[in-house]
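Student: One structure follows; several queries about it will come next.
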Amino acid sequence: MMMKAVTIELPPELVKLLGTEEDAKRETKTALVLDLVRQGKISRQKAAELLKIPLWDLPALLSRYRIPWFDYSPEELEKDLQALRSKEGTAD
């Protein structure tokens, strides 16, 4: 998947709170992706893919942002369960 670069301006105090500029970039991307999950615009499976983490690790990340793991449609649940089943037995 080809990525597009987007530039945002952050006050220095926010960057300092987040650590380094790289930390700020990573946290900004995570917050954006998880907000799209919260809004129902992308699935949890897509969020894990965009954040380059295993779907199995997503519930812990969602909990940090106070986003429930099971707050989604039956269709999304089935899609994510299929994705998890297809990953069983594979090493990362």
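The values are calculated or read from the model by the stated rules, or taken from the named source; none is laboratory data. All of these numbers come straight from a predicted model, not from anything done at the bench. Don't worry about glycine lacking a Cβ; one is built from the backbone with ideal geometry, like all the others, and counts go over all protein chains shown. The protein model used for the area step is the full one, side chains on, heavy atoms only, and it has no ligands, DNA or RNA in it. Shrake-Rupley method; radii C 1.70, N 1.55, O 1.52, S 1.80 Å.
Student: Report, to the nearest 10°, how far helix 74-87 tilts away from the longest principal axis of the Cα atoms in the chain, using its own Cα long axis and a range of 0 to 90°.
Tutor: 90
Student: Once you place label points 7 Å from the Cα toward the Cβ at residue 56 and residue 77, how far apart are they in nm?
Tutor: 2.2
Student: Let me ask something additional. Hey, what's the chain come to in accessible area per residue, 1.4 Å probe, Å²? Mind showing how you got there, number by number?
Tutor: Details: 7210 Å² over 92 residues.
It amounts to 78 Å² per residue over the chain.
Student: At a Förster radius of 22 Å, what calculated FRET efficiency corresponds to the Cβ-Cβ distance of residue 10 and residue 49, to the nearest 0.05? Mind showing how you got there, number by number?
Tutor: Details: r = 26 Å, r/R0 = 1.16.
Efficiency at R0 = 22 Å is approximately 0.30.
Student: Can I ask one more? Could you work out, for the chain, what percent of all Cα-Cα pairs fall into each 5 Å distance bin, beginning at 0 Å and stopping at the bin that holds the largest distance?
Tutor: Per 5 Å bin, starting at zero, the Cα-Cα P(r) for the chain comes out as 2, 12, 21, 22, 17, 14, 6, 4, 1 percent.
Student: Next up: Can you show me the helix-derived [θ] at 222 nm for the chain, built from DSSP H runs with n ≥ 4 at -39,500 (n - 2.57) apiece and divided by the number of residues, rounded to the nearest 500. Intermediate values should be presented prior to the final figure.
Tutor: On the way: 5 runs with 54 residues, N = 92.
Only helices count here, giving -17500 deg cm²/dmol.
Student: Here's something else I'd like to know. Could you state the angle between the C-alpha long axis of helix 21-38 and the longest principal axis of the C-alpha atoms of the chain, as a value from 0 to 90 degrees rounded to the nearest 10?
Tutor: The helix 21-38 is inclined about 40 degrees to the chain.
Student: Could you rank 20, 28 by how accessible they are, 1.4 Å probe, largest area first?
Tutor: Details: 20 75, 28 50 Å².
Of 20, 28, the descending order of accessible area is 20, 28.
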